[in-house]
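Working notes, beginning with the structure itself.
Where a number appears in this text, it was derived from the coordinates with a stated rule and is not lab data. Keep in mind that what you see is a predicted model, and the values were worked out from it rather than measured. All Cβ positions, glycine included, derive from the backbone under ideal geometry; neighbour counts span all protein chains shown.
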Amino acid sequence: MSGNRAIGAAWKDAEVPRLNKVCFLLAILFLACLAASPIGAFETEFHGGPVAIEADSIAYDGDEDAFHAKGKVLITFSGGDLKADAVTLYRGTSQALAVGHVLLRNDQDLLEGEKVSFNIVSRTGTVDEGRMFIAQNHLYVRGEKIEKKSEATYRLGNGTVTTCDGDDPDWRLAGKEVELTVDGYGTLKHGRFLVRDLPVFYLPYLSMGISSTTASGLRMVSEP
């Protein structure tokens, strides 16, 4: 009997480390599967504060230190949110690359486009074939390329500006190069003043102030 007890004790002593090793391997396997599997919602910390990501699928790439979100993407950050079909968000730079039905809300301003690069901390970026609404002075802006240079300054390539609501505004300013602030002040180069779609006159250079509080919505001083 003593021999059997000794054999049983020796078997248990050998089996416990083996079971512990199996449990450890199963735990590692579970964590690996969890990391590799797409998830639908995630919240993390960036330099500018907490960031929440929602999508049909979210995957993290450790080599790029980036989140890849696809399908009905919604990224919420301090002071705004970003919606798109797909977004890659880099943790190290806080840069978001969004494609497909992009809608960006930055405070009260709205920006739409098919491709947007935006830094969620510095609030700067670019949009291709974009449309924008600047709430402070009720400005509607379009451009082949819109660059948000700072918190309050924009640059447009082949852009238009108006204070009129609707898809067919009463008037527009159009220019090859447009610099604009959220206050409605800026400059325009190689531009035109249009009533409906009719060009009224050519503007080689214009220093302008645009505000929805004036009767026409436009104050302008032409400079040589």
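The table for this structure:
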{"item": "Long pairs among K70/K145; K145/K176; K115/K148; K83/K176; K72/K149, criterion Cα-Cα beyond 19 Å", "result": "K70/K145; K83/K176; K72/K149"}
{"item": "Amide H contacts under 5 Å for G80, placed H, 5+ residues apart", "result": "D107"}
{"item": "Charge dipole (debye, nearest 20) of region 126-224; +1 at Cβ of Lys and Arg, -1 at Cβ of Asp and Glu", "result": "200"}
{"item": "Environment charge at R196 (Cβ cut-off 13 Å; Lys +1, Arg +1, Asp -1, Glu -1)", "result": "-2"}
{"item": "Residue order, fewest to most surrounding Cβ atoms within 10 angstrom, among F77, F133", "result": "F133, F77"}
{"item": "Prolate/oblate/rounded label for region 126-224 (Cα gyration tensor, a/c 1.5)", "result": "rounded"}
